[in-house]
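Following: one structure in structure tokens, then a few remarks.
What follows draws every value from the coordinates through simple rules; no lab data is involved. If you're wondering where the values come from, they're calculated on a predicted model, not measured in any experiment. Cβ coordinates were reconstructed from backbone atoms using ideal geometry, including for glycine residues, and neighbour counts include every protein chain displayed.
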Amino acid sequence: QLMKWQEHPQELREIERKIIPLCSLRTDQLRIMRMTLSHTELYASLCRRCWLLQRAAQQLRSSDQLKALLCVVLQIGNFINSDGAEGADGAVRGFAIESLHSLRS
């Protein structure tokens, strides 16, 4: 119905004057516009998540407390693998991060 007023836009409210150009768009054009908007929101959401993950990784890498904790875990692993004898040859130089899960219990 707004298209009827296209020749007399001064009689319309401002919002109606702004909508008139959208009335002439085809359905496929509107569908593309809607898809573009939804992908823009998805892209922004994914960028935000990536930024958060990057920040968390930086904090983990720079955490002295985490490094100290992992050193203790390594020492415990060395103690267990050496049957409690100090200076045994069975010392572990590292461990799989997945093995931390077994420390829960």
query = Given 0.36 nm per residue, what is the gain on full extension from residue 100 to residue 20 after removing their alpha carbon distance, in nm?
reply = 22.6 nm
query = What FRET efficiency comes out for the pair residue 33/residue 70, r = Cβ-Cβ distance, R0 = 30 Å, nearest 0.05?
reply = 0.05
message = Assuming 0.36 nm per residue, please report the length gained on full extension of the stretch residue 53 to residue 80 beyond their Cα-Cα distance.
response = 6.3 nm
